[in-house]
1. Just to check your reading of the model, which residue among LYS119, LYS50, LYS110 is buried (at least 20 other Cβ atoms within 10 Å of the Cβ) and basic (Lys, Arg)?
2. Show the residue pairs that are 6+ apart or on different chains and have beta-carbon atoms under 8 Å apart, the first residue being within region 2-15 and within 20 Å of THR69 (Cα to Cα), the second being assigned to a loop (DSSP other than H, G, I, E, B) and aromatic (Phe, Trp, Tyr).
3. Is there a residue in region 43-60 that is part of a strand (DSSP E or B) and within 24 Å of PHE100 (Cα to Cα)?
4. Is it the case that some residue within region 46-53 is among the β-branched types (Val, Ile, Thr) and either in contact with a Leu (Cβ under 7 Å, 6 or more places away or on another chain) or more than 15 Å from PRO5 (Cα to Cα) (or both)?
5. Scan region 35-47 and give yes if some residue there is surrounded by 11 or more Cβ atoms within 10 Å (Cβ to Cβ) and of a type in the set (Ser, Thr, Tyr), otherwise no.
6. Under the condition of being loosely packed, with under 12 Cβ neighbours inside 10 Å and of a type in the set (S, T, N, Q), which residue from region 64-107 is modelled with the highest pLDDT?
7. For residues that are over 12 Å from the mean Cα position of the chain (by Cα), of a type in the set (A, V, I, L, M) and in a strand (DSSP E or B), tally how many sit in region 69-98.
Amino acid sequence: MAKYPAAIGPYSAYRVVGNLVFCSGQLPVDPETGNFPCDCIKEQTKQSLKNVSAILEENGLTLANVVKTTVFLADIADFGAMNEVYGEFFKQPYPARSAFAVKDLPKGAKVEIEVIASK
């Protein structure tokens, strides 16, 4: 069993092109239960980043290899809480990042995070 959830549509969880790993947006789905850990932004952010970490680990990488992230939030008011958890996972030099609110996320998630990592 994978340590990250399977894609929920016609796309790959990640693709490797040359020395880059393009990780599709990771919802906060616990791969063991198929559910969100809770309805709170901090735990959802943590789970999304755990899923990203599992994909990177499968490719022999860590979050230190991430050069760019994109964070999608269902509510921009959750930015501060998301950013607090995000800062626990990434260390300097931090990856470049974009973060913005979107109208809705799949399955009613509060956050979705995608990354690009370099080998």
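1. Working: LYS119 fails: buried (at least 20 other Cβ atoms within 10 Å of the Cβ); LYS50 fails: buried (at least 20 other Cβ atoms within 10 Å of the Cβ).
Residue meeting the stated conditions: LYS110.
2. ALA13/TYR4
3. Taking region 43-60 as the starting set, the residues that turn out to be part of a strand (DSSP E or B) are none.
No.
4. Quick first cut of region 46-53, residues among the β-branched types (Val, Ile, Thr) only: 52.
When the remaining residues are screened for being either in contact with a Leu (Cβ under 7 Å, 6 or more places away or on another chain) or more than 15 Å from PRO5 (Cα to Cα) (or both), the result is none.
The answer is no; no qualifying residue exists.
5. Yes.
6. The qualifying residue modelled with the highest pLDDT is SER98.
7. 1
The values are calculated or read from the model by the stated rules, or taken from the named source; none is laboratory data. Since this is a predicted model, take the numbers as computed values, not measurements. Every residue, glycine among them, receives a Cβ derived from its backbone with ideal geometry; neighbour counts consider all protein chains shown.
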